[in-house]
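The values are calculated or read from the model by the stated rules, or taken from the named source; none is laboratory data. None of the values given here were measured: they were computed from a predicted structure. Using ideal geometry, Cβ is built from the backbone for each residue, glycine included, and neighbour counts are taken over all protein chains shown.
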């Protein structure tokens, strides 16, 4: 089975799970978590309208993870001003950062690295767009069973991926991952690898050291040959 990450656009928005498709927690101020019972169609329409407007103005605000042809996870992110829910959160997102709003993974694919794969894709896009950091409101109430099934990313996952608390809060602290730290880490790993390769290359070019015992054996073996050569030279000189 093949795992692939693609942009989440209007064309494949319908691949989302039905509950996520109709949830407008981040897109509509005051909306509850999850779809409103009996109002799923309207929620899906609102989400599609928000997605279209954001995609036209800024670009695709999501990444989708596919296992073969089945969507098994997705992440929503973008400039914080595109998410009306931010105005109701306890702290504002930094001006130099994008917001990671949602990260969902199918229960059958959790603990398989799927969430980190999605996050890395979002981080690459954040860097490509020139932002210095990725920030997220964390859910301290999330438990393992519902960790990636809620509208807010669990704080345990974010801390494990290197996010640090920027503004604390009882329910939704704002966490930040500075891209400069990830770049420095990648550079240090790259430099360490380069040093190792250079050292190995020097070792390959250097002559192999001769062990003392082996050197003595070679000297002893060459001594009779030298004596025979000397005797032949002397005999030749006497005949002449």
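Looking at (1) touching a helix residue (DSSP H, G or I) at 6+ places or on another chain (Cβ under 9 Å); (2) under 21 Å from residue 137 (Cα atoms); (3) buried (at least 21 other Cβ atoms within 10 Å of the Cβ), which one does residue 65 not meet, given that it meets all the others? With (1) touching a helix residue (DSSP H, G or I) at 6+ places or on another chain (Cβ under 9 Å); (2) under 21 Å from residue 137 (Cα atoms); (3) buried (at least 21 other Cβ atoms within 10 Å of the Cβ) applied to residue 65, the lone miss is (2).
For the stretch 1-108, the strands (runs of 3 or more DSSP E) that sit wholly inside it and include 2 or more residues that are closer than 19 Å to residue 133 by Cα are 62-67, 70-78, 97-105. Remark: residue 16 falls outside the filter, which requires a residue to be in contact with a helix residue (DSSP H, G or I) (Cβ under 9 Å, 6 or more places away or on another chain) and either exposed (fewer than 13 other Cβ atoms within 10 Å of the Cβ) or more than 28 Å from residue 173 (Cα to Cα) (or both). Residue 28 passes all but one of (1) loosely packed, with under 15 Cβ neighbours inside 10 Å; (2) under 20 Å from residue 139 (Cα atoms); which number fails? Exception for residue 28: condition (1).
To keep it simple, each residue is scored yes or no on (1) surrounded by 20 or more Cβ atoms within 10 Å (Cβ to Cβ); (2) on the phi > 0 side of the Ramachandran plot; (3) at pLDDT below 95; (4) not in a strand (DSSP E or B).
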| position | (1), (2), (3), (4) |
| --- | --- |
| 121 | no, no, no, yes |
| 137 | yes, no, no, no |
| 142 | no, no, yes, yes |
| 148 | yes, no, yes, yes |
| 156 | no, no, yes, yes |
| 169 | no, no, yes, yes |
| 185 | no, no, yes, yes |
| 189 | no, no, yes, yes |
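Only one entry in 36, 70 is at pLDDT below 90, at negative phi and surrounded by fewer than 15 Cβ atoms within 10 Å (Cβ to Cβ), namely 36.
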